[in-house]
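The structure appears right after this line, and notes come after that.
The values are calculated or read from the model by the stated rules, or taken from the named source; none is laboratory data. Because the structure is predicted, anything quoted here is derived from the model rather than measured. Positions of Cβ are generated from backbone atoms using ideal geometry, with glycine treated the same way; all protein chains shown enter the neighbour counts.
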């Protein structure tokens, strides 16, 4: 089983350019037919390119919601400049035809009631509370069946980025882990994948998930992770920069990460 995760940076390159590279990114990430590809920061107008997709932040023009197509048109003059300002963003997954989708669930990671409770518990300052409410974040969960009867629960998340206080992402990660375990059947292999915006050296949740009580594999470096429970993981791999180049252009400000397990 090969699971790959990539934050697509709204289809932008490094440095950002006027055009977008979403089709090139999708072709590159699926060229070897991974079992599951999880992607984040996908413009809402592009979500239909994937097997499963869900909107996290809706397209908007100031305070007003707009259609996905209008968001694309407004972004088209300069994708590198506007990014998600008009296009919104979501999470998406590509599932190999070898696997059968048994069920699908989605959870908001930072709803108002959760933020309020956590803000009190963590003693968050007003700036952090406002930053947490700025953009809706979600986690997707798919139950998948492989030939031979083995079943998997694969999640794809994008936690809040707030570098001044990484406890926000940590709280969302723990919420996503509980959601995954409650969505899984007893014999499922459980996979947590995505842009966690949490680093192993500073994350209490990543430390706890690798404990015997939770039983997940250890996190790798950086903020993009794939953790597995119920299977023996291979080596966690982060693509080198050269592997994600297209005609000399470096795609996304994140590198794809992947984990293969038996």
*From the list 211, 161, pick out the single residue that is within 18 Å of the chain's Cα centre (by Cα), at pLDDT 95 or above and part of a loop (DSSP other than H, G, I, E, B).*
161
*Are there any pairs, at least 6 apart or on different chains, whose C-beta atoms fall under 6 Å, with the first in the range 188-199 and on the phi > 0 side of the Ramachandran plot and modelled with pLDDT of 95 or more and the second part of a strand (DSSP E or B) and crowded, with 23+ Cβ neighbours inside 10 Å, and if so, which?*
194/5; 194/38; 194/40; 194/156; 194/157; 194/158
*Could you name every one of the helices (runs of 4 or more DSSP H) located completely within the range 1-84 that has at least 3 residues being touching a strand residue (DSSP E or B) at 6+ places or on another chain (Cβ under 9 Å)?*
22-30, 68-75
*Quick one: count up the residues across the range 164-186 that are part of a helix (DSSP H, G or I), more than 22 Å from residue 129 (Cα to Cα) and either over 17 Å from the mean Cα position of the chain (by Cα) or modelled with pLDDT under 95 (or both).*
3
*Just one of 237, 229, 244 is closer than 19 Å to residue 41 by Cα, at pLDDT 95 or above and touching a strand residue (DSSP E or B) at 6+ places or on another chain (Cβ under 7 Å); which is it?*
244
*Quick one: how many residues across the range 220-258 are assigned to a loop (DSSP other than H, G, I, E, B) and within 15 Å of the chain's Cα centre (by Cα)?*
7
*Can you tell me which of 22, 28, 107, 74 is at pLDDT 95 or above, over 24 Å from residue 246 (Cβ atoms), surrounded by 15 or more Cβ atoms within 10 Å (Cβ to Cβ) and touching a helix residue (DSSP H, G or I) at 6+ places or on another chain (Cβ under 8 Å)?*
107
